[in-house]
1. Regarding segment 58-79, can at least one residue be identified that is hydrophobic (A, V, I, L, M, F, W, C), surrounded by 13 or more Cβ atoms within 10 Å (Cβ to Cβ) and over 30 Å from ASN131 (Cα atoms)?
2. Can you find a residue that is part of a helix (DSSP H, G or I) and under 23 Å from LEU152 (Cβ atoms) anywhere in segment 64-87?
3. Please list, ordered by first then second residue, the pairs with beta carbon atoms under 7 Å, 6 or more apart or interchain, first in segment 42-58 and assigned by TED's automatic domain parsing to the domain that holds ILE10 and under 11 Å from ILE10 (Cα atoms), second assigned to a loop (DSSP other than H, G, I, E, B) and aliphatic (A, V, I, L, M).
4. Name the one entry in GLU72, GLU84, GLU103, GLU89 that is within 22 Å of ARG15 (Cβ to Cβ), of a type in the set (Asp, Glu) and either without any contact (Cβ under 8 Å) to a residue 60 or more places away in the chain or not assigned by TED's automatic domain parsing to the domain that holds LEU152 (or both).
5. Can you go through ILE144, ILE157, ILE148, ILE137 and tell me which one is touching a helix residue (DSSP H, G or I) at 6+ places or on another chain (Cβ under 8 Å), assigned to a loop (DSSP other than H, G, I, E, B) and either crowded, with 16+ Cβ neighbours inside 10 Å or not small (Gly, Ala, Ser) (or both)?
6. Report whether or not ASN116 is in contact with a helix residue (DSSP H, G or I) (Cβ under 6 Å, 6 or more places away or on another chain), in contact (Cβ under 8 Å) with a residue 24 or more places away in the chain, of a type in the set (S, T, N, Q) and more than 19 Å from LYS176 (Cα to Cα).
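The values are calculated or read from the model by the stated rules, or taken from the named source; none is laboratory data. Not measured: the values here are computed from a predicted model. All Cβ positions, glycine included, derive from the backbone under ideal geometry; neighbour counts span all protein chains shown.
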Amino acid sequence: MKAKSKIIEIDDIGRILFERSNRAKNINISVKPFRGVRVAVPYRVSFDKAIHFAQSKKNWIRNHLNKMKAIEKEHENFLKNSTEIDRTEARKKLVNRLNELSEKHGFKYNKVFIRNQRTIWGSCSTKNNINLNMKLIRFPDEMIDYVILHELVHTRIKNHSKAFWEKLDRLVGDAKEKNKKLKEHKIF
């Protein structure tokens, strides 16, 4: 039986996770903040070949690692400079903005819950109940609006289909880029 993953130390880069993937058709390298470098290895490809491929991409990996380190530092500074969140104030601000945006764009939702969530910024249930993470108030207004509008669009489109992204794009402009920016922030 083949090993599912290996961690290999590569000179000038550091530790890299090589992981078997059923979904990967080709060797795929990803570099993410707080997670580091991961190489998805298709089952038909040997780890040796994947390691050789990663070594041939050292410059690309190094450049992306530097970008991720900058994002991590920015996030740590953001948290360090953040004060304790007042749940009442967070609720007031987020619910007011939710009501403004839903009225402005003609959305209807059922209930709203403001929670101290550990894994998500927001969600919309099948009953159109909207959950928002109280930590959103640490973000600029543009990102708060993005999360709220993302969930409001889910009151009409319950998936992340092309139609969903097109609708969200019309409301926020460059929705996928904003989504990518949001994912750079780790929730603590």
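1. Yes: segment 58-79 contains one or more residues that are hydrophobic (A, V, I, L, M, F, W, C), surrounded by 13 or more Cβ atoms within 10 Å (Cβ to Cβ) and over 30 Å from ASN131 (Cα atoms).
2. Within segment 64-87, one or more residues are part of a helix (DSSP H, G or I) and under 23 Å from LEU152 (Cβ atoms).
3. Listed pairs, sorted by first residue: LYS58/ILE13.
4. The match here is GLU72.
5. Sole residue among the options that is touching a helix residue (DSSP H, G or I) at 6+ places or on another chain (Cβ under 8 Å), assigned to a loop (DSSP other than H, G, I, E, B) and either crowded, with 16+ Cβ neighbours inside 10 Å or not small (Gly, Ala, Ser) (or both): ILE157.
6. yes
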